[in-house]
Structure formats: structure tokens, C-alpha cells
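Structure first, then comments.
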Amino acid sequence: MTISKDERHQAILEILQRLGSSSVTELGASLGVAEMTIRRDLETLEGRGVLRRFHGGAKLSAGSSYEPPFGVREHTNVAQKRAIAEAVAGTIEDGETILLDGGSTGIQIAEALADRMVTICPLSLRVAWALNRSTSVTLMLPPGRARPGELSISGPDTTDYLKRHHFDRFLLTASAFSPLEGFTEWNTDDAGVKRAALDSAGEVIACVDSSKFGRVGFVEICGIDVPDLIVVDGGLDETSIEALTASSRRVRLAA
């Protein structure tokens, strides 16, 4: 079956995220396309800043100890993030006030809620833009500064704003999560806003894809048992599901 260029790009990034690096030959064999096609794909992706080519192959731009660029994350685990978004959207009722976190998962959730009668306060300009054409969502924009590249909103003005409001739900995203270390983030400012958001909502739903399980970011957000519900895709093995279920309040697997 022939796959599109966008699907190839997504598949290449997912392979590099899993392996760290790969050769042109290996990528071509995995995707069933000519090496010349792979070389053109790698050139395009390098131009976007999401990977670096070397002789005969490529690797992701960011190492394992750093936050992967948004350009990488938006093209990886897309189906899983979409399943999570649909599952989370199914828990939301019209009329609710939603504090929506940033990142690529946050954008998927925004798109899933775009036709709903809800009020959404996004913690990212990217998420806000995903909602800009909605005629049913009431959009609240918090003050603060936008982080270059990521475009998440943070700073003392943001946390003060959150302290003055009470939302029905906070839809939390995270860079990593594990039963022992809880939910963690790469960026200190982003983690601070997320912690403030936890206290500004009646219910917290963590929305995380399975590739982040067992990893640990630089800054703690909260313990694994803080969210009222964790929504994760079905990519976890049975042992991981058991460990997560035993240490958290409630877990829902998104199909």
C-alpha cells in the first residue's frame, strides 16, 4: 500500500524517536520506499529543524535529555493522541469551563472540542490558534509571555490569572509520567503554570500518550495520584497498566 509524503514523514520521526538514529537503507526498508525518496524526506525534515542528517542516515535534533522540538512531537504518535483527545472530549459536557494545557496533545484535544458549547482557556498560543475558527467555543486568553518555539504561555501574570479563576476541569498534558516520579515536564516555567492550574480546577484529567510512560522530565508537576483521571492510549503493556492502575486514582485506556 502506497503511503503519502506526510505519512512517511510521521513514520520516519516515529522510527527516529524510538531508535534515536537510523540509516537511509534501514528507513527505506522499513517504509518500503526507495532510498532516494528517503533522502528527499530527510532533507525536508532537516529543513524544518526536527532532525539532523549525517552520512548515510539521520537522528533527531534533540537528545534524550532534552525536550524534543514541537516540530517532532506534532508528527509522532498522532493516532494515539487523537484517540486520547476523542476519549477526553467524550467526558466533557456542554457549558463547562475548561483549562486546556499545551503541546501536541493539547492541540488534538482542542480540535476534538472545537464544535462544542464550552469555554476554553488555553495555556498555549498554538492551542488557541487551533480554536480560532470555532463559532461555539468561548475562548479565554490568559496573560503572560509566550515561550519561543513552543508558544506555551507562562510567567507570574499567568499564574496570578489562574489563581483568580475556577474552572470545571483542567486537561493536563506532560512530557513524561511514571508511577514513582509522577508527571514531569522539561521546562521549569511550564511546570510552574501546570502546578498553578491544578489548584484552579474542580477536576484534573491527565492526557498522556503511552510513549511518555516510564520516562522522567526535569521538573516535577505532581504525583501520579493527583489527577482524578488518567487517559492514555492502548500502547502500554499489561505490566505497565497494572503498575499505573495500582498507583493512580483512575485510568482509562483510549481505543
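The values are calculated or read from the model by the stated rules, or taken from the named source; none is laboratory data. From a predicted model like this one, the values you see are computed outputs, not experimental measurements. Here the Cβ is made from the backbone with ideal geometry for all residues, glycine too, and neighbour counts use every protein chain on show. Please note that ligands, DNA and RNA were not included when accessible areas were found on the heavy atoms of the full protein model with its side chains. Shrake-Rupley method; radii C 1.70, N 1.55, O 1.52, S 1.80 Å.
Annotations for the structure displayed:
- Placing a pseudo-label 7 Å from each Cα along the Cα-to-Cβ vector at E93 and E203 gives an inter-label distance of 0.8 nm.
- Whole-angstrom gap from the range 139-181 to the range 201-231, using each part's C-alpha centre: 14
- Only one residue of S210, H166, A128 has its Cα farthest out toward the positive end of the dipole of the chain, where Lys and Arg carry +1 and Asp and Glu -1 on Cβ, and that residue is A128.
- Take every DSSP beta bridge whose two residues both sit in the range 104-255; close to 40 percent of them are antiparallel.
- Antiparallel content of DSSP bridges confined to the range 77-173, in %, to 5: 25
- Charge dipole (Cα centre; +1 on Lys/Arg Cβ, -1 on Asp/Glu Cβ; no other charges) of the chain amounts to roughly 640 debye.
- One chain, two ends: K5 and L19. Fully extended at 0.36 nm per residue, the span grows by 2.9 nm beyond their Cα-Cα distance.
- Prolate/oblate/rounded call for the range 83-205, Cα gyration tensor, a/c under 1.5 rounded: rounded
- Whole-percent carbon and sulfur share, accessible surface of the chain, 1.4 Å: 49
- Spin-label pair R133-R52: with each label point 7 Å from Cα along the Cα-Cβ axis, the two points sit 3.7 nm from one another.
- The chain - mean residue ellipticity at 222 nm from DSSP helices (-39,500 (n - 2.57) per run, n ≥ 4, rounded to 500): -11000 deg cm²/dmol
- Extension gain (nm, one decimal) between F218 and E181, 0.36 nm per residue minus Cα-Cα: 12.3 nm
- Note on E238 and L125: the extension gain reaches 37.0 nm, defined as 0.36 nm multiplied by sequence separation minus the Cα-Cα distance.
- With the simple spin-label model, which puts each label point 7 Å out from Cα in the Cβ direction, the S247 to A79 separation comes to 2.8 nm.
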